[in-house]
Amino acid sequence: MFEKFLTGKTAIITGSNSGIGLGVAHRLAKAGADVVLNSFTDTDEDHQLAEKLADEYGVNVRYISADMSKGDQCRMLVEKAGACDILINNAGIQHVAAIPDFPSEKWDAIIAINLSSAFHTTAAALPVMREAGWGRIINIASAHGLTASPFKSAYVAAKHGIVGLSKVTGLETAREPITCNAICPGYVLTPLVESQIPDTMKKYDMDRDEVIEKVLLERQPSKEFATTDELGDTAVFLCSDAAAQITGTTISVDGGWTAL
Ligand code: NAD
């Protein structure tokens, strides 16, 4: 869809060396955008991933290491990129525990990476977008930005927060050719979700398939995971002219979860 219409645009995608971020990077690169990949790991594999993506789609792809738990590094990412037409705030982590047992350092880390990072990158990106006269900010929230589950206090709070931030950003840019929206995925089988499976198997004495069907996809009426390609294509759509009047809102890609 929309072959190469993003040629000449630069997309920064936080947390994009795996999962949804990488899926979005593939689809934006396929649509012609130059891409800045990010994580905090700075490994040879990270740089090779950038080369591979550049070769596959014939666009410029750079990897910039920056720790999204630190406000100054979030801002530095945008500065180092030198251009930012499209900002995808995607970096995220998870921790599952009841509130009295929830380690406060995990709460702080989730709020910093899943929420505050988007404030810092947006603050740094908006002047760059205004100078360029065009911009798209897409925050990867979650069905947990619209609904809650027990034991995910920090995650649910951060995701509700990023939906709120998307609304405010949409309002502050409403008279400009800049939009900001949140994509709210249901479950997507990425490393973040994979890492929850072994503990859940132990907790409920279930095998992997049972955990997927009865726990993970319990609230996803389609009984299918959303895919990283589908999320990438949703982001590409939000970058298109057809989406120019879509701002300050959420788009669910959740197999019907939030209809329940
Ligand atoms: P993932 O673990 O595959 O990817 C997370 C990314 O964040 C990785 O690239 C990782 O390097 C990066 N990251 C983590 N901490 C970082 C830090 N301090 N600095 C920079 N980068 C950091 O997980 P995913 O499932 O692809 O998650 C991506 C986003 O999608 C998250 O915000 C997550 O909450 C959201 N999401 C995921 C699902 C799902 O089912 N997988 C559902 C809804 C929302």
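Starting from the Cα of LYS202, draw a straight line to each of the lysines and keep only those under 16 Å, dropping any in the same chain fewer than 8 residues away.
Those lysines meeting the cut-off are LYS214.
Taking R0 as 22 Å, what FRET efficiency do you get between ARG175 and MET76 from their Cβ-Cβ distance, rounded to the nearest 0.05?
Efficiency, from the Cβ-Cβ distance: 0.15.
Considering the zone a paramagnetic label at PHE151 would reach in this model (a point 7 Å from Cα along the Cα-to-Cβ line), which residues of the range 81-113 have amide N under 20 Å from it?
Only 93-111 pass the distance filter.
Give the residues of the range 11-45 whose amide nitrogen is closer than 14 Å to a point set 7 Å from the Cα of GLU51 in the direction of its Cβ.
43-45
Straight distance only, please: which aspartates and glutamates reach the Cα of LYS4 with their own Cα at less than 16 Å, same-chain residues fewer than 8 apart left out?
ASP34, ASP55, GLU56, ASP85, ASP233, ASP241
So what does VAL188 come to for accessible area, using a 1.4 Å probe and Å² rounded to 10?
10
For the range 1-60, which chymotrypsin sites (Phe, Trp or Tyr not before Pro) are in a loop by DSSP, counting at most 13 other Cβ atoms within 10 Å?
Here no chymotrypsin sites (Phe, Trp or Tyr not before Pro) fit, given the DSSP loop and packing criteria.
With a cap of 14 neighbouring Cβ atoms within 10 Å, and only residues DSSP puts in a loop, list the GluC sites (Glu not before Pro) found in the range 1-110.
Within the range 1-110, the qualifying GluC sites (Glu not before Pro) (loop, at most 14 other Cβ atoms within 10 Å) are GLU3.
What area, in nm² and to one decimal, does the C-alpha convex hull of the chain cast on average over all directions?
One quarter of the hull surface, i.e. the mean projection, equals 13.5 nm².
What lysines could a cross-link reach from LYS159, if we take a straight Cα to Cα line under 22 Å and drop same-chain neighbours fewer than 8 places away?
Output for LYS159: LYS70, LYS106, LYS167.
If I model a spin label at THR43 and GLU218 as a point 7 Å from the Cα along the Cα→Cβ vector, what separation in nanometres do I get?
3.3
Could you please state how large a percent of the accessible area of the chain is carbon and sulfur, counting protein chains only and using a 1.4 Å probe?
53
With charges set only on the Cβ (+1 for Lys and Arg, -1 for Asp and Glu), what does the dipole of the range 20-116 come to about its Cα centre, in debye to the nearest 20?
300
The values are calculated or read from the model by the stated rules, or taken from the named source; none is laboratory data. The shown structure was predicted, so the numbers you read here are calculated from the model rather than taken from an experiment. Ideal geometry is used to build each Cβ from the backbone, glycine not excepted, and the neighbour counts take in all protein chains shown. Ligands, DNA and RNA are excluded from the accessible area calculation, which covers all protein heavy atoms including side chains. Shrake-Rupley method; radii C 1.70, N 1.55, O 1.52, S 1.80 Å.
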